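The values are calculated or read from the model by the stated rules, or taken from the named source; none is laboratory data. What you are looking at is a predicted structure, and each value in this text was computed from that prediction instead of being measured. For neighbour counting, all protein chains shown are included, and Cβ atoms are generated from backbone atoms with ideal geometry for every residue, glycine included.
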Amino acid sequence: MTRGTYEFVQLDVFARNPLAGNPLAVFTDARGLSDSEMQALAREMNLSETTFILSRDAAIEAREGKKVRIFTVSEELPFAGHPTLGTALYLHTLKGARDPRKSDEIILDLRVGKIPVHFTASSENAGCERVDGQVFGEMRQRDPEFGTTLSREEVAAVIGVGVDEIASEWPVQVISTGLPFAIVPFRTSQGLANLKYSFAQGAEILKRTGAGFFYFLCPERRQGLLEARARMIFYGGEDPATGSAAGCAASWMVRYGIAKSDEQVLIRQGVEIHRPSEIYVRATHLGDRVTGVRVGGYAVEVLRGSVTL
């Protein structure tokens, strides 16, 4: 066991106020920790994800980006949305505290590859030394891979709803921008809110189709503005905000004409578990391709601490 004290910050991501959004623990200097120790610390934090920043020589970071590893309580992930955004917002604020000429972009070097995150700060954030909900961060995800389409009837039976609850205008489809999700479009937001589903119900079909999880989505255009309600239930319960799935949803909405190319869409998730989250997504439709998948939002710091091993 590595001996030492390791500091962390905890952020609420995809929220502008504390006690909303999706919690994330960020170990700010994880040098010296082994893989098994990082996994054990993620279990100790007991959040959906914990990230570990592994600082390197400045010249390497300028070329390759900031090395970050992402762990759930049970495994390491190649990519995840709210850990990427939250960690990048922390690094952006840290750099600003040290150097007022901070860059408006940080590149994270994840297992899935390099993910750039762009920032837009309000004037209130000038000189702030903590993540305060005033900086908008937007990550560029990998171009989507469109995979298997699933039968509405089979999915409805598995998740325990009538087939008419699932919209027939668009396909149920597996999409990945780093992690694969099966996008399931609901016809009404009330039907989505009423959904009673456990991860075990869909485990077999998800494994067969190559998807990690279902992402339940209800897009609705009102007075010209497109918003979507979303839910994601996984083996740890219900997720307040799923940035990786939101990128898949943006790709799906653009490909099937629900959203216009480059139109920003607000996805609201976590309402049913009293952790309301706001995820801003957009993607570009070029011919028969979807590219430029961007997922953004805010974060706020809620606590700091240290772990002594």
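Figures for the structure shown
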| item | result |
| --- | --- |
| Any hit, the stretch 238-261, residues being touching a Leu at 6+ places or on another chain (Cβ under 8 Å), in a strand (DSSP E or B) and surrounded by 22 or more Cβ atoms within 10 Å (Cβ to Cβ) | no |
| Given (1) basic (Lys, Arg); (2) touching a strand residue (DSSP E or B) at 6+ places or on another chain (Cβ under 9 Å); (3) modelled with pLDDT under 95, index of the condition Arg222 fails | (2) |
| Selection status of Thr177, in contact (Cβ under 8 Å) with a residue 24 or more places away in the chain, surrounded by fewer than 19 Cβ atoms within 10 Å (Cβ to Cβ) and polar (S, T, N, Q) | no |
| Of the criteria (1) more than 17 Å from the chain's Cα centre (by Cα); (2) without any contact (Cβ under 8 Å) to a residue 40 or more places away in the chain, which one Gln264 fails | (1) |
| Odd one out for Ser74 among (1) in contact with a Ser or Thr (Cβ under 7 Å, 6 or more places away or on another chain); (2) part of a loop (DSSP other than H, G, I, E, B); (3) not β-branched (Val, Ile, Thr) | (1) |
| Tally of residues being touching a residue at least 24 places away in the same chain (Cβ under 8 Å), polar (S, T, N, Q) and out of contact with any Gly (no Cβ under 6 Å at 6 or more places or on another chain) across the stretch 138-165 | 2 |
| Residues (of a type in the set (A, V, I, L, M, F, W, C) and surrounded by fewer than 20 Cβ atoms within 10 Å (Cβ to Cβ)) located in the stretch 19-37 | Leu19 |
| Options Glu75, Glu44, Glu49; residue that is closer than 25 Å to Ser176 by Cβ, charged (D, E, K, R) and surrounded by fewer than 20 Cβ atoms within 10 Å (Cβ to Cβ) | Glu75 |
